[in-house]
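A short write-up of the structure that comes next.
The values are calculated or read from the model by the stated rules, or taken from the named source; none is laboratory data. Treat the numbers as computed from the prediction; the structure is a model and nothing was measured. Counting neighbours? That spans all protein chains shown, and the Cβs are built from the backbone with ideal geometry, glycine included. Calculation scope for accessible area: heavy atoms of the full protein, side chains included, ligands and nucleic acids excluded. Shrake-Rupley method; radii C 1.70, N 1.55, O 1.52, S 1.80 Å.
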Amino acid sequence: MNRTSTTLIGAVAALAAVTGVAALAAPGDDGTGSTAAAGRRPVERSTLVCPQPSVSDVAETRYTAFAPQGSKGKGEGKGELYAAEKADTGGSDGGSGGGKDDGKGKGKGDEGKDGKGGKGKDEKGAAREKPDPKPFLPLSAPGKPVTADASASGSSAYFGSSEGRVAPGWTVQQTTDVAVGAGRGIQGTACSVPDTDFWFPAASTAKGRQDYVHLTNPDDSSAVVDVNLYGKKGRIPSEAGEGITVPPRSTVPVLLSTLTSEPAVNLGVHVVARAGRVGAQVQAVDEKAGGDWVPSVADPSPSAVLPGIPGDATAVRLVVLAPGGNDADLKLRLATPTTQIAPAGHETLHVRAGMTTAVDLNDLTKGEAGSLVLTPSESGAGATPVVAGLRVTRGKGSDQETAFIPATAPLADRATAADNREKGSVLSLTAPGKAVKVRVTSSAGSKGGQPVSRTYTVKGKTTKSFEPPRPEGVKGGFAVTVDRISGGKLYASRMLEQKDGKLPAFTVQTLPDDRGKVLVPHSGQDLSVLTDGDGDGN
């Protein structure tokens, strides 16, 4: 046997072994040599970032972690958070808080900030090991929430990950109660997935508002971030917002008013990571009208749905930004409990390219909860993408509280609101097109109780708002999971409210899909790689 034949036989054997392994590892393999088609499978790991809550001396924050039952994640599983260090980059809470960088991701604080131990130096300069930090809010099993409370003095930004059976749908809610002063009321946000691109309409640098964008880096290398501002005249130049360094496993708060000398009542904020990735959240603090977190919106799109406007809203302001190079013309519709209606005097809206446009819709709900639906005035592939958000106010005079509702992505499979109380939770489900059938499950409480599920139908072009079913014998807080069963597109939000005297304190979190499943492509044997393309045997 010559060397060429021996080499060919060896290559065939090696490639056969490789393709055999691929077939065995392919998802859905039934052992017969065939493999299943592409399908959605539970994720094996997920990452979340929580911003630093209010540092007010009268603020108390509750954290709630939860993973839904029936996720079919693999392994024992765990979910843990770790405190992010406050980055020392030469800024302060009253300044930009960020350091400049050359775009290569190098900045102060890069060493010894891995969140799980590192090296520092003692007074004599000798190296010493940092102790491993304790995980915060550990979750080891799906189906039952875990909670933890923190005062303002112990507040921190957090980052962390989950794996195994708690990874699919792992959700953490952060809810802060501020008793008095600027921002008083409820400030709530769902901890977010780190990314490289965020849009925040409805921010402000007006007198009486202090809005911060919190940038938190969960990774082992520095991130470099640009914070771009857009007003009613277009992009606002700001060198201070360029090249902000966020060291590894650290957080940087940036006061938006330090990025521009021009006060802007209705501001669009675009956060872009040019290196690495971050979690980004905007915190709005108003001296007279409370405050809340301004959530990031879904990716720019010609259409938008903003679900869950409370029926007793006394003021509703819509802020829209067309980030591209073309103007946008939109139709406005309110999806009520019975039908869609056009707000009187605000049936359409023209948005100029690169600029923010705001409109007050104060008498929008007329006592009935609803959702705002934006669609292009003219259908077609050339419709201009927009980002949109609502600032919603309840109460009057000195008893006002504010929350924000962003345009959100549809709920394809499932979403969860982690922190719910025995009273004060309201779900809003919107079907802008065809009717949708959903299953709502309230989990066991953090201190006991039995889960309960009910099925609902949301009629097409309507919004259904209701209190979620109360778990049997519930003790402590509980989670509410929404599963889309069939029908058209579904958009969802959860309002958490509580009465504090005459103050109608509340916060709203939209419920986009929890990304608990990912698309796994089809794989199988392909022995054609062993054949010679030109047929000459060489």
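Less than 10 Å Cβ to Cβ from V271, Lys/Arg counted +1 and Asp/Glu -1: what total charge do the surrounding residues give? Write down the numbers at each step before the final one.
On the way: positive: none; negative: D195, D197, D226.
Combined, the nearby Lys, Arg, Asp and Glu give -3.
Residue separation of K86 and D197 scaled by 0.36 nm, minus their Cα-Cα distance, works out to 37.8 nm of gained length.
If the chain between S398 and E287 were fully stretched, how many nm would it gain, using 0.36 nm times the residue separation less the Cα-Cα distance? Could the numbers behind the result be given before it?
Values: separation 111, 0.36 × 111 = 39.96 nm, distance 1.04 nm.
38.9 nm is the gain from fully extending S398 to E287.
Rounded if a/c is under 1.5, else prolate if a/b beats b/c, else oblate: with a ≥ b ≥ c from the C-alpha gyration tensor eigenvalues square-rooted, which is segment 448-521? Judged from the Cα gyration tensor, segment 448-521 comes out prolate (a/c at least 1.5, a/b above b/c). In this simple spin-label model, placing a label point 7 Å from the Cα along the Cα-to-Cβ direction at both A152 and T339 gives a separation of 5.0 nm. Overall, the anisotropy analysis places segment 436-490 in the prolate class: the square-rooted eigenvalues a ≥ b ≥ c of its C-alpha gyration tensor yield a/c not less than 1.5, with a/b exceeding b/c.
What number comes out for the charge environment of K459, summing +1 per Lys or Arg and -1 per Asp or Glu over other residues with Cβ under 12 Å away? Working shown, then result.
Working: positive: K434, K437, K461, K464; negative: none.
With Lys, Arg at +1 and Asp, Glu at -1, the neighbours total +4.
Each part reduced to its alpha carbon centroid, segment 247-311 and segment 435-490 end up 29 Å apart. Kirkwood's formula applied to the C-alpha pairs of segment 189-301 gives a hydrodynamic radius of 14.1 angstrom.
Quick one: accessible area per residue over segment 299-420, 1.4 Å probe, rounded to a whole number of Å²?
Values: 4570 Å² over 122 residues.
Result: 37 Å² of accessible area for each residue.
Between H346 and D500, the distance separating the two model label sites (each 7 Å from Cα on the Cα→Cβ line) works out to 2.6 nm.
Report the FRET efficiency, 1/(1 + (r/R0)^6), for A412 and K207, where r is their Cβ-Cβ distance and R0 is 45 Å, rounded to 0.05.
On the way: r = 42 Å, r/R0 = 0.93.
Once rounded, the FRET efficiency stands at 0.60.
The modelled label-to-label distance for the pair E368/K134, using points 7 Å beyond Cα in the direction of Cβ, is 5.2 nm.
For segment 477-483, the Karplus equation 6.51 cos²θ - 1.76 cosθ + 1.60, evaluated at θ = phi - 60°, returns couplings of x, 9, 9, 10, 10, 10, 10 Hz by residue, with Gly and Pro reported as x. Scalar couplings 3J(HN,Hα) for segment 54-60, obtained by applying the Karplus form with A = 6.51, B = -1.76, C = 1.60 to θ = phi - 60°, are 4, 9, 4, 5, 10, 9, 10 Hz; x denotes Gly and Pro.
The accessible surface of segment 229-292, taken with every protein chain in place and a 1.4 Å probe, is 48 percent carbon and sulfur.
Over all other residues within a Cβ to Cβ distance under 14 Å of E497, the charged ones net out to -3, with Lys and Arg as +1 and Asp and Glu as -1.
Classify segment 265-323 from the C-alpha gyration tensor, please: rounded if a/c falls under 1.5, else prolate or oblate depending on whether a/b exceeds b/c. It comes out oblate by the Cα gyration axes. Per-residue Karplus couplings for segment 456-473, computed as 6.51 cos²θ - 1.76 cosθ + 1.60 with θ equal to phi - 60°, are listed in order as 10, 10, 9, 5, x, 6, 9, 10, 10, 10, 6, 6, x, x, 8, x, 5, x Hz, Gly and Pro entered as x.
Could you work out how much longer the chain between K423 and E378 gets when fully extended? Use 0.36 nm per residue separation minus the Cα distance between them, nm to one decimal.
Numbers: separation 45, 0.36 × 45 = 16.20 nm, distance 4.32 nm.
Extending this stretch completely gives an extra 11.9 nm.
For D312 and S453, FRET efficiency with R0 = 35 Å and r from the beta-carbon atoms, rounded to 0.05? Working from the Cβ atoms, E equals 0.75.
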